[in-house]
Amino acid sequence: MPKCEGKVHFRLPASYYPDKYKTAIDFVKDWITRDCDETVDVPEIQPPDLTLPLQLDFYDEFSMFVPAHREMAKSLIHILMNAKNLEEFQCLAIFCQMRINPSLFNYALSVAILNRKDTKGINIPSFAELFPGKFIDPWVLECARKAVAILLPDQRKPITIPQNYTAASFEPEQRVAYFREDIGVNLHHWHWHLVYPMDANDLSIIDKDRRGELFYYMHQQIIARYNIERYCNNLSHVVPYDLKSPIEEGYFPKMNSKVASRAWPPRFTNTTMYNLDRPDVQVRIDLSDMFRYRDNIEQAIENMEVILPGGGTMSLEGDKGIDVLGNLIEASALSPNKGYYGDYHNGGHLFISYSHDPENRYLEKFAVMGDPTTAMRDPVFYRWHTHIDNLFQLYKSKLPPYTKNELEWSGVSVHSVGVESAAGASALRTQWERSALRLDRGLDFAKLGSVLGTVTHLTHHDFVYAITVENTRVHEVTGTVRLFMAPTQNDKGDWLKFEEQRRLMIELDKFTHPIPVGRSTISRRSLDSSVTIPYDRTFRPQSERPGEPGFAEAAAFDFCGCGWPHHLLIPKGTASGFAMTLFCMITNWEEDRVAQDLVGACNDAASYCGIRDRKYPDRRAMGFPFDRRAPANVLKEFLTLNMATSDIIIRFKDEIRDHQNKD
Ligand code: CUO
């Protein structure tokens, strides 16, 4: 007999149930009232117009890269955003949930929760738990089903989720599968696109501060991080992909869609792109359209201006240029001219994700590249995004290098930067770690108790930065401390030139700090990084009940779920030690600061995600000072007095440790 365990249950008016459930209504009512501590009557509502979202079959797959699906999501987001109050919002959510495709519903509901004023702090369930089939081997889910069916909760042992199962070890790309298929990486990417949706009726949902620039920067950093992981594994840097040649890399995801109960389609090696004609998703686009859009984008960069629909132009000069270009290339609804510049980046995701069945001849759905939840698993994601990043880099190459004046801060010099960890000074240690993840929530048997899975992922040992700084002014000042890291050599052992190294600079942290007169030392924990979210927000599933361990972390999983997973802050390194350059720059906070109130805002992973309802908390270009070219051959020639570097080594130990909760 089901137990509701003290939870509140909702009694729905008959009008809420879709026809398919009508015969079950009496049974459901009886079930709800028999065992629950409290039953709440849900009020009647005026049924919303769901004509558009209902066009997506309940068992189909949803992709925001498909324009028709985007229109459906827009309509549903509009309905949920326009609920007059929280009660009506909840009623609408209940009404829609029973009718609408689950992936579409989850996306629209999450966007609405993140953007309504009255839903701040409401917890969005972790996507990895709701749709585990998008993150882990289906075999594990089968084991979980069996465990729940056969064993009592205290007899269930955690199920091991295999780490390497999508290709054989002799496939070179498999060496970086631990990064591509990491749950935290994929959750971050999904969450970023949720926080920065590309389309909505209400423009304020899309038009967040510097979202176009953040689209460029966040993805640029993913590519830089991935290239470093490749170097650590004896692979060369990513080769950009522009849809013109066959894709050399295959990808066989071996995952099942929960919604449609079918396997995600694979892509064989050397798959060629063809024109897309998919009536099932109302997509008809030729490759030549994409090439024309690309020419138009390159022309806009060359001219430093965008052509507007009416024939006018918009300049790409100045601070706003990169933001305009980000929205144009992506393309979000803020693109100044979608007709002329197309849906370029989204279109690439579509072409690649349907490349196994471009005409719907075999009735196959899109592959992992068609969904931000799964796209980062596929090696071609990094190739397509390197191509996209090259367009942004082309734009940045048109901007003048920063002058010494723009880089220096007179009176403040950085004498040294270093790290201290258990591995010793100037050394960092990485290894594997095992963490727990709840598997039951997406498996329709939550009422029978939980079952845990354990995943193995890369991690690093905590460390502390030590920065020596000197202030020769007559009073204390406040500085913005900018920490980056890049390799010194490529996979072949060649020393990197400045231009190569600056594109591989990964941001580690950015924070403000007082700088007293004279010489002082700044100490900063790696755990406090502005790039990452804490471990508990990736592997969050401890409790949904107030008072129990993990509840507070669960409650923070809304906007705050966006952020690079902390366990991947540091690249893997190598057993013998991988050489990196640590870089520190301190700039004048008075010139960088954005005057705003941050109280209560979720701001601990602002570097890649911004801050909810606030401006991006740094006036400088994202990636500064490495976002532009410079007339330096090597990094040393670029340095000004307020910068310092040091050589560090990342040593990887091929051992697995269990995660220790620190609280
Ligand atoms: Cu995030 Cu292409 O934008 O995946």
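The values are calculated or read from the model by the stated rules, or taken from the named source; none is laboratory data. Predicted model only: the values in this text are computed from it and were never measured. Quick reminder, even Gly has a Cβ in these numbers, built from the backbone with ideal geometry, and neighbours come from all protein chains shown. When the accessible area is computed, the model is the full protein with side chains, heavy atoms only, and any ligands, DNA or RNA have been set aside. Shrake-Rupley method; radii C 1.70, N 1.55, O 1.52, S 1.80 Å.
Ordering Ile222, Pro246, Pro265 by the projection of their Cα atoms onto the charge dipole of the range 220-277, which places +1 on the Cβ of Lys and Arg and -1 on the Cβ of Asp and Glu, puts Pro265 at the extreme positive end. With a Förster radius of 60 Å applied to the C-beta separation of Phe252 and Leu639, the computed FRET efficiency comes to 0.85. Remark: relative contact order (the range 172-397) = 29 percent; criterion is Cα-Cα distance under 8 angstrom and separation of 6 or more residues. Summary of packing: across the peptides 398-407, 294-303, the per-residue average of other C-beta atoms within 10 Å ranks them, highest first, as 294-303, 398-407. Pairs spanning more than 31 Å between alpha-carbon atoms, out of Lys134/Lys398; Lys254/Lys338; Lys404/Lys510; Lys338/Lys510; Lys117/Lys146: Lys134/Lys398; Lys254/Lys338; Lys338/Lys510; Lys117/Lys146. Peptides 372-378, 387-393, 71-77 ordered by packing proxy, namely the average of other Cβ atoms within 10 Å per residue, highest first: 372-378, 71-77, 387-393. Within the full protein context, the accessible area of Asp647 is estimated at about 120 Å² for a probe radius of 1.4 Å. For the chain, averaging the sequence separation of C-alpha pairs within contact (under 8 Å, six or more residues apart) and dividing by the residue count gives a relative contact order of 16 percent. Averaged over its residues, the range 138-282 has an accessible area of 41 Å² per residue, based on protein heavy atoms and a 1.4 Å probe. Computed log10 I(q)/I(0) for the chain at 0.06, 0.08 Å⁻¹: -0.34, -0.62, from the Debye equation with unit scatterers placed on every C-alpha and solvent omitted.
Near Leu508, the amide H atoms lying under 5 Å from its own belong to Leu483, Phe484, Met485; only residues 5 or more places off or on other chains count, and H is placed 1.01 Å from N.
What is the magnitude of the charge dipole of the range 172-397 about its Cα centre, with +1 placed on the Cβ of each Lys and Arg, -1 on the Cβ of each Asp and Glu, and no other charges, expressed in debye to the nearest 20? Using only the charged Cβ atoms, the result is roughly 660 debye. Using only side-chain charges placed at the Cβ, +1 for Lys and Arg and -1 for Asp and Glu, the dipole size of the range 265-313 relative to its Cα centre rounds to 240 debye. Annotation: extensible slack from Asp154 through Thr472 equals 108.1 nm (criterion: 0.36 nm per residue apart, minus Cα-Cα distance). Separation of the range 182-214 from the range 343-409 is 15 Å, based on Cα centroids. Peptides 84-91, 160-167, 479-486 ranked from most to least packed give 479-486, 160-167, 84-91, packing being the mean of other C-beta atoms within 10 angstrom over each peptide's residues. What is the spin-label model distance, in nm, from Arg525 to Asp654 if the labels are put 7 Å beyond Cα along the C-beta direction? In this crude label model, Arg525 to Asp654 measures out at 3.3 nm. Basic side chains Lys and Arg get +1 at the Cβ, acidic Asp and Glu get -1 at the Cβ, and with that the dipole of the chain about its Cα centre reaches some 800 debye. Between the listed residues Pro379, Val412, Gln155, the Cα displaced farthest toward the positive end of the dipole of the chain, a dipole computed from Cβ unit charges relative to the Cα centre, is found at Gln155. Between the listed residues Met585, Gln299, Ala68, the Cα displaced farthest toward the positive end of the dipole of the chain, a dipole computed from Cβ unit charges relative to the Cα centre, is found at Met585. The calculated FRET efficiency for Lys615 paired with Ser397, based on their beta-carbon distance and R0 = 25 Å, is about 0.40. Spatial offset of the range 230-288 relative to the range 73-93 amounts to 35 Å, using the alpha carbon center of each. Shown for the chain: the carbon plus sulfur share of the solvent-accessible area, taken with all protein chains present and a 1.4 angstrom probe, equals 51%. Taking label points 7 Å from Cα along the Cα-to-Cβ direction, Glu302 and Ile94 give a separation of 6.0 nm.
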